[in-house]
There are 2 protein chains.
Amino acid sequence: MSKNYYCIIMAGGVGSRFWPLSKTQKPKQFLDILGTGKTLLQQTYERFEQVIPSENIYIVSNKIYKELIEEQLPGIQNHQILLEPAMRNTAPCIAYATFKIMAKDPDASIVVAPSDHLILKEEIFLKNIREGLDFVSKSNNLLTLGIKPTRPETGYGYIQVKEGQILKNGAIAEVKTFTEKPSIEIAKIFFESGEFYWNSGIFLWKGTSIVDAFNAHLEEVSMKFSAGNDVYFTDNEEAFIEEVYPTCKNISIDYGVMEKADNVYVLCAEFEWSDLGTWGSLYEKLSKDESLNAVNRKVFLYDSSNNLINLPEGKIAVVQGLNDFIVVESEDTLLICRKGEEQRIKHFVNDVRLEYGKD
Amino acid sequence: MSKNYYCIIMAGGVGSRFWPLSKTQKPKQFLDILGTGKTLLQQTYERFEQVIPSENIYIVSNKIYKELIEEQLPGIQNHQILLEPAMRNTAPCIAYATFKIMAKDPDASIVVAPSDHLILKEEIFLKNIREGLDFVSKSNNLLTLGIKPTRPETGYGYIQVKEGQILKNGAIAEVKTFTEKPSIEIAKIFFESGEFYWNSGIFLWKGTSIVDAFNAHLEEVSMKFSAGNDVYFTDNEEAFIEEVYPTCKNISIDYGVMEKADNVYVLCAEFEWSDLGTWGSLYEKLSKDESLNAVNRKVFLYDSSNNLINLPEGKIAVVQGLNDFIVVESEDTLLICRKGEEQRIKHFVNDVRLEYGKD
């Protein structure tokens, strides 16, 4: 485990697609959404601890989640929690963490990862991370982890490799292009071609490589954060970030850097992955009864199938005649929604916010 | 308002058909199931107060509901609450209250009524009660209130009048027979014939008339309670009832007395009535939105129709794509059940009781 290896865990998301379990006050990454006894953030942190020194793991999140992070990761030190005073998407988030790490260790090699994804086959994941860190530490390339598609998924972005290679597991190839979420027709073509990989949002690079890329493609952002080199790890860091961060433009690392850089590679990852982006994708990953109901605790089910039911502890529930529904109760909120209509949940949440001023 | 008029309100039911709103610990009569701000028991009591002296209104219920009755009817005196130590159906319940009233007032005329029914057009109800009390106080007949059917309902018992009369509103006729709940084919014949009336379970008689009827048709019950003539309204009443009541057989007043007596009359009532026996019958009586959803508070509804939704205060609910369902949440319990399957709720409740030892 190299002392120059670092990890940036992005934990600032406030998605409403898992409402009402995930709410603004406690979004998905802070929940034990899989019922394993650990939150997604805790799982992510403990996964990286096996390959990266604990003290080199940084959490970037909105400042309203400071207490949640301290509570869920009790061993973490103050300087490892980077607090965003505003939401500005992934590019400013990564730039802040990168320039802070570089102020301490110019030889850093860094993994950037979301905090709220599902990773199965962890040993292979760790192997891929080690291989990736080894690759980037010996070159100036930017690396992303690509997942071999198992279905023509329309909910993910895709990465196309150059020269139409079909990669072996663990192989690394040059990226031709990043694509947005495709239509189902396009997704089928991607899936069958073999040269497209799901974009996992997990990136690896040397600190110097990504700083060069920021300088080349998002200079205004890199200028803002390089100006803080003297304040990182000091009492003035917070005030500096409070001032600078909100002035950054709202832009993703994919759009701002990865799609523009010409030194991007993809590692064909072998582990099982889901971004757990929707109730439907969670349903796919949960264990189910013989009627294909995924329930998180005892429910009295009659004539009911293909439901995802998530209820708080102590709730007694009888469900009869319900098929293909999402039923979620959390504290003061109850959601009953057809599985096929779950993309509308964010609109429902907006209606609730308009009425009650909260979700 | 005659000082010899009395009322016996039966409030001992523990039906599970309104589960989970109605539970063993707090059944339907103690709930504000219509959302009016008053429980069904309170509504029943206040309705009779307009035609019967308050101090002559007696509540008979299971002893586990003593506190609920005192809480909901704060003006009531101790001797007006008659507590059953065991459930024994309506005949022993009515016999107990009758012999107690007769020990105080041998000239009593008595109305017996359930505590958990819905009465609309209250002025007409009161008029019918006055007319009925006048009729029974001047004769030795037993009178029941019959409701003119508005549909071929299979959930009610029917009363057939003699000589195939079609009664005018408010008219009184001799009863030919009491019938059990009919099949739909029979109910249609009853409905079309015009000589059948819904059995409302509201009875009127002189105390002497019903005592005579008990003596004639249920002598073992009348002997038990007449033996208590000296203890009613004394400190020994409770101990006497504790001993005697559980030894009574479990039998209804309809089966034990009314069907056997030959001096039974029916008053053709003009008010609107429902026994509120099921969620479906409640749904019929509730006001509904343009999609025919009956909800007891703000619910965010999308693509949903014909639902009955009853949620506790403060619950935020989003319901999408649900049609013809009953959704009820109460404290720690959630029920989602198709409207057409509501007769199975009592079986669901049994399953819950077997698992948790409570409902």
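Any idea which residue in segment A:328-339 is nearest to B:TYR356 (Cα to Cα), counting only those that are open to solvent by less than 10 Å² (accessible area, probe 1.4 Å) and within 7 Å of chain B (Cβ to nearest Cβ)?
Filtering segment A:328-339 down to residues open to solvent by less than 10 Å² (accessible area, probe 1.4 Å) leaves A:328-329, A:333-337.
Applying the additional criterion that residues be within 7 Å of chain B (Cβ to nearest Cβ) yields A:329, A:333-337.
Details: A:GLU329: 20, A:THR333: 24, A:LEU334: 23, A:LEU335: 25, A:ILE336: 25, A:CYS337: 28 Å.
Going through the qualifying residues, I end up with A:GLU329.
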Legend entry - Enumeration of residues in segment A:219-254 that are touching a residue at least 24 places away in the same chain (Cβ under 8 Å) and of a type in the set (Phe, Trp, Tyr): A:PHE225, A:TYR232, A:PHE233, A:TYR245
Legend entry - Residue match in segment B:303-314 (condition: open to solvent by less than 30 Å² (accessible area, probe 1.4 Å) and among the charged types (D, E, K, R)): no
Inset, instruction - Taking the residues in segment A:74-115 that are surrounded by 15 or more Cβ atoms within 10 Å (Cβ to Cβ) and over 21 Å from the mean Cα position of the chain (by Cα) as candidates, determine which candidate is nearest to A:LEU218 (Cα to Cα). - result: A:MET102
Legend entry - Residues of segment A:21-40 that turn out to be within 21 Å of A:SER287 (Cα to Cα) and open to solvent by less than 50 Å² (accessible area, probe 1.4 Å), as a count: 9
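Against the definition (at pLDDT 90 or above and over 30 Å from B:ALA213 (Cβ atoms)), how does B:LEU282 come out, yes or no?
On the way: at pLDDT 90 or above: no; over 30 Å from B:ALA213 (Cβ atoms): yes.
Taking the combined requirement at face value, the residue does not satisfy it.
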Legend entry - Out of A:ALA187, A:ALA216, sole residue that is open to solvent by less than 70 Å² (accessible area, probe 1.4 Å) and free of Cβ contacts under 8 Å to residues at least 60 places away in the same chain: A:ALA187
Inset, instruction - Restricting attention to segment B:138-170, report how many residues are more than 30 Å from B:LEU34 (Cα to Cα), open to solvent by 30 Å² or more (accessible area, probe 1.4 Å) and modelled with pLDDT under 95. - result: 6
Inset, instruction - State whether the residues of segment B:192-200 include one that is at pLDDT below 90 and under 23 Å from the mean Cα position of the chain (by Cα). - result: no
Inset, instruction - Give segment B:108-122 a look and list any residue that's among the aliphatic types (A, V, I, L, M) and in a strand (DSSP E or B), or say none. - result: B:ILE110, B:VAL111, B:VAL112, B:ALA113, B:LEU118, B:ILE119, B:LEU120
Legend entry - Breaking point among (1) out of contact with any Gly (no Cβ under 8 Å at 6 or more places or on another chain); (2) open to solvent by less than 20 Å² (accessible area, probe 1.4 Å); (3) closer than 17 Å to B:PHE18 by Cβ, for B:VAL319: (3)
Inset, instruction - Restricting attention to segment A:256-279, report how many residues are among the small types (Gly, Ala, Ser), under 17 Å from the mean Cα position of the chain (by Cα) and over 13 Å from A:LEU34 (Cβ atoms). - result: 2
Inset, instruction - Give B:LEU292, B:LEU267, B:LEU308, B:LEU335 a once-over and let me know the one that is closer than 30 Å to B:SER200 by Cβ, in contact with a Pro (Cβ under 9 Å, 6 or more places away or on another chain) and either at pLDDT 90 or above or among the β-branched types (Val, Ile, Thr) (or both). - result: B:LEU335
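Give the residues of segment B:35-56 that are among the small types (Gly, Ala, Ser) and either in contact with a Leu (Cβ under 9 Å, 6 or more places away or on another chain) or not in a loop (DSSP other than H, G, I, E, B) (or both), sorted by residue number. Talk me through it step by step, then tell me what you get.
Quick first cut of segment B:35-56, residues among the small types (Gly, Ala, Ser) only: B:35, B:37, B:54.
Within segment B:35-56, B:GLY35, B:SER54 meet the criteria.
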Inset, instruction - Determine the pairs where a residue that is within 12 Å of chain A (Cβ to nearest Cβ), located within segment B:292-311, has a partner that is of a type in the set (Lys, Arg) with Cβ atoms under 7 Å apart, the partner being 6 or more residues away or on another chain. - result: B:LEU311/B:ARG297
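Do the conditions hold for B:GLU242, that is, is it modelled with pLDDT under 95, more than 22 Å from B:GLN29 (Cβ to Cβ) and away from chain A (no Cβ under 12 Å)? Give the derivation first.
Details: modelled with pLDDT under 95: no; more than 22 Å from B:GLN29 (Cβ to Cβ): yes; away from chain A (no Cβ under 12 Å): yes.
The answer is no for B:GLU242.
Results for (1) charged (D, E, K, R); (2) closer than 24 Å to A:LEU40 by Cβ; (3) without any contact (Cβ under 8 Å) to a residue 60 or more places away in the chain; (4) assigned to a loop (DSSP other than H, G, I, E, B), shown as yes or no for each residue.
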| residue | (1), (2), (3), (4) |
| --- | --- |
| A:CYS93 | no, yes, no, no |
| A:LYS100 | yes, yes, no, no |
| A:PRO106 | no, no, no, yes |
| A:ILE129 | no, yes, no, no |
| A:THR144 | no, yes, no, no |
| A:ARG151 | yes, yes, yes, yes |
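For segment B:57-91, name all the residues that are part of a helix (DSSP H, G or I) and charged (D, E, K, R). Spell out the reasoning first.
Going residue by residue through segment B:57-91, those that are part of a helix (DSSP H, G or I) are B:63-72, B:78-80, B:90-91.
Result: B:LYS63, B:LYS66, B:GLU67, B:GLU70, B:GLU71.
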Legend entry - From A:PHE125, A:PHE135, residue being open to solvent by 20 Å² or more (accessible area, probe 1.4 Å) and either in contact with a Phe, Trp or Tyr (Cβ under 8 Å, 6 or more places away or on another chain) or part of a loop (DSSP other than H, G, I, E, B) (or both): A:PHE135
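Please find, among A:GLU49, A:GLU70, the residue that is charged (D, E, K, R), open to solvent by 20 Å² or more (accessible area, probe 1.4 Å) and closer than 28 Å to A:ALA171 by Cα.
On the way: A:GLU70 fails: closer than 28 Å to A:ALA171 by Cα.
Exactly one of A:GLU49, A:GLU70 is charged (D, E, K, R), open to solvent by 20 Å² or more (accessible area, probe 1.4 Å) and closer than 28 Å to A:ALA171 by Cα, namely A:GLU49.
Quick one: in segment A:220-240, which of the residues that are aliphatic (A, V, I, L, M) and in contact with a Phe, Trp or Tyr (Cβ under 7 Å, 6 or more places away or on another chain) is nearest to A:CYS93 (Cα to Cα)? If you could, list the steps in order and put the result at the bottom.
The first filter runs over segment A:220-240 and keeps only residues aliphatic (A, V, I, L, M), leaving A:221, A:223, A:227, A:231, A:239.
Among the residues that remain, those that are also in contact with a Phe, Trp or Tyr (Cβ under 7 Å, 6 or more places away or on another chain) are: A:221, A:231.
On the way: A:VAL221: 10, A:VAL231: 17 Å.
If we take residues in segment A:220-240 being aliphatic (A, V, I, L, M) and in contact with a Phe, Trp or Tyr (Cβ under 7 Å, 6 or more places away or on another chain), then A:VAL221 is nearest to A:CYS93 (Cα to Cα).
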Legend entry - segment B:284-300: number of residues that are open to solvent by 20 Å² or more (accessible area, probe 1.4 Å) and in a loop (DSSP other than H, G, I, E, B): 10
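Residues that are open to solvent by 10 Å² or more (accessible area, probe 1.4 Å), under 20 Å from B:CYS337 (Cα atoms), more than 7 Å from chain B (Cβ to nearest Cβ) and not aromatic (Phe, Trp, Tyr): does segment A:340-359 have at least one? Outline the logic, then answer.
Narrowing segment A:340-359 to residues open to solvent by 10 Å² or more (accessible area, probe 1.4 Å): A:340-344, A:346-347, A:350-351, A:353-359.
Still in the list and also under 20 Å from B:CYS337 (Cα atoms): none.
No, there is no match, as no residue in segment A:340-359 is open to solvent by 10 Å² or more (accessible area, probe 1.4 Å), under 20 Å from B:CYS337 (Cα atoms), more than 7 Å from chain B (Cβ to nearest Cβ) and not aromatic (Phe, Trp, Tyr).
If you check B:VAL266 against the conditions, is it farther than 21 Å from B:GLN29 by Cα and in a helix (DSSP H, G or I)? Even if it seems obvious, please write down each step before you answer.
Details: farther than 21 Å from B:GLN29 by Cα: yes; in a helix (DSSP H, G or I): no.
Considered against the rule, which asks whether it is farther than 21 Å from B:GLN29 by Cα and in a helix (DSSP H, G or I), B:VAL266 comes out as no.
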Legend entry - Lone qualifier among B:GLU243, B:GLU259, B:GLU272 - being open to solvent by 50 Å² or more (accessible area, probe 1.4 Å) and more than 28 Å from B:ILE147 (Cβ to Cβ): B:GLU243
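Would segment B:191-203 turn up any residue that is touching a helix residue (DSSP H, G or I) at 6+ places or on another chain (Cβ under 6 Å) and either touching a residue at least 60 places away in the same chain (Cβ under 8 Å) or part of a helix (DSSP H, G or I) (or both)? I'd like the intermediate steps shown before the answer.
Narrowing segment B:191-203 to residues touching a helix residue (DSSP H, G or I) at 6+ places or on another chain (Cβ under 6 Å): B:195-196.
Subsequent filtering for residues that are either touching a residue at least 60 places away in the same chain (Cβ under 8 Å) or part of a helix (DSSP H, G or I) (or both) retains none.
Looking for residues that are touching a helix residue (DSSP H, G or I) at 6+ places or on another chain (Cβ under 6 Å) and either touching a residue at least 60 places away in the same chain (Cβ under 8 Å) or part of a helix (DSSP H, G or I) (or both), one finds none in segment B:191-203, hence no.
The values are calculated or read from the model by the stated rules, or taken from the named source; none is laboratory data. On a predicted model such as this, the values are computed, not experimentally measured, just so you know. For neighbour counting, all protein chains shown are included, and Cβ atoms are generated from backbone atoms with ideal geometry for every residue, glycine included. Accessible surface areas use protein heavy atoms only, side chains included; no ligands, DNA or RNA. Shrake-Rupley method; radii C 1.70, N 1.55, O 1.52, S 1.80 Å.
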